[in-house]
């Protein structure tokens, strides 16, 4: 007979009762998705790893205050987005964003390579250039707009949940997405019109 994994709710209750291993399991469950969220906002593996440690530490310190009005997933995304936006604001004050920070990790993804491979070297060069241009364009967006694009377009989170995470209305989420998509179209227009 297989044992069922405890629900997030059960793990939260156990963590509140002092079971650190329960929180370790929550970290294991949520690390991949939160890593993707933070990385797509920072474009830096090093910054993402540092931020995730801080995010999970804050989650652990704050878990007694988690009342369950939203899902644990939404609560952790809220902490992640807020801490990442604060980090980006501080980083932008310290130095201008360098395009050297951009990591074209998707270009090394085996599934991506297989799906887009061809024997035409110019096609592959154009694909690499498109990925670089897309990363550059994402970095030009404001932190708020980059957050909604990352959550909706990259992670597939629905408007309603993004609204809860950002503590804004669904209309605001749609508006930010619309504006961000328009900005990305403008930034990518030169490449598209070739």
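The values are calculated or read from the model by the stated rules, or taken from the named source; none is laboratory data. It should be emphasised that the depicted structure is a prediction, and the values quoted were computed from it without experimental measurement. With ideal geometry, Cβ positions are generated from the backbone for all residues, glycine too; neighbour counts draw on all protein chains shown.
Key figures for this structure:
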| read-out | value |
| --- | --- |
| Some residue of region 49-59 being under 24 Å from residue 148 (Cβ atoms), without any contact (Cβ under 8 Å) to a residue 60 or more places away in the chain and within 12 Å of the chain's Cα centre (by Cα) | yes |
| Those helices (runs of 4 or more DSSP H) lying entirely in region 78-168 with at least 3 residues modelled with pLDDT of 70 or more and under 16 Å from the mean Cα position of the chain (by Cα) | 121-140, 143-149, 159-166 |
